[in-house]
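Peer 1: Please see the structure below; I have some questions.
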Amino acid sequence: MPGPSWFWALTSALVTLVAGVLVLAWPDRTLHVLAVVVGLYLLVTGALEFAGAFARDARAERYPQLLLAVAAVLAGVLCLRDPLQTVTVLTLVVGVVWLLSGMVTAFAALADPRLPHRGFAFGAALLGVVAGIVVLAVPMGSALVLTRLLGLWLVLLGVAELVVALALRAALRKGRGRRPHAPPPTTRPAV
């Protein structure tokens, strides 16, 4: 197994994809279903981010991920506490989480020059920031519109996270496969 950081990234990607597919599969459902799905998604994502933060070696890298984990768990609790919240409140919660998630991912992509596929991670982060800003600036008036937007975004984000997880796995495997350069074996002339 390539390493715990790859496992957490892959698990987060799969959770995101499943949540997106579930949201897109039931676009006619009420805000109650959407709030429960989003709340559960945010709780699981927050728990995975929290666990993934402690899989990191450097302490300085843990703090942004822990902040994101706390924000996701709090947002999940708010969604599950009262599933019949208004669309505006749910939109604000989702927008804040997307905005924070994008900002933390952008920070990680800019701060770590060794991150595999930094450009792709930064691009995914910018998508999160833009989506968060759009959702916060233009609250949706319809649960159906929010459901489709959220479902589509979760599927796209899940695919992006899956690509990053697989790239991380490949980079970890490549790093493990390297061996120090050994001198070639010496041959003795036959006597």
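Peer 1: I'd like the full set of residues that are part of a helix (DSSP H, G or I) and not aliphatic (A, V, I, L, M), limited to the range 117-138.
Peer 2: R118, G119, F120, F122, G123, G128, G132
Peer 1: Follow-up question, since we're still on this one. List the pairs whose first member sits in the range 26-44 and is surrounded by 19 or more Cβ atoms within 10 Å (Cβ to Cβ), whose second member is at pLDDT 70 or above and of a type in the set (F, W, Y), and whose Cβ atoms are under 9 Å apart, counting only residues at least 6 apart or on separate chains?
Peer 2: L34/W26; V37/W26
Peer 1: Next up: Would you check if T147 is at pLDDT below 85 and open to solvent by 50 Å² or more (accessible area, probe 1.4 Å)?
Peer 2: Working: at pLDDT below 85: yes; open to solvent by 50 Å² or more (accessible area, probe 1.4 Å): no.
Criteria not met by T147.
Peer 1: Of the residues L92, L74, L34, L42, only one is modelled with pLDDT of 85 or more, assigned to a helix (DSSP H, G or I), out of contact with any Cys (no Cβ under 6 Å at 6 or more places or on another chain) and within 19 Å of R148 (Cβ to Cβ); which? Walk me through how you get there before you give the answer.
Peer 2: Numbers: L92 fails: modelled with pLDDT of 85 or more; L74 fails: within 19 Å of R148 (Cβ to Cβ); L34 fails: modelled with pLDDT of 85 or more.
Every option except L42 fails the conditions.
The values are calculated or read from the model by the stated rules, or taken from the named source; none is laboratory data. As the structure is a prediction and not an experimental result, all values here were calculated from the model. Cβ atoms come from the backbone with ideal geometry, glycine included; neighbour counts cover every protein chain shown. All accessible areas refer to the heavy atoms of the entire protein, side chains included, with ligands and DNA or RNA removed. Shrake-Rupley method; radii C 1.70, N 1.55, O 1.52, S 1.80 Å.
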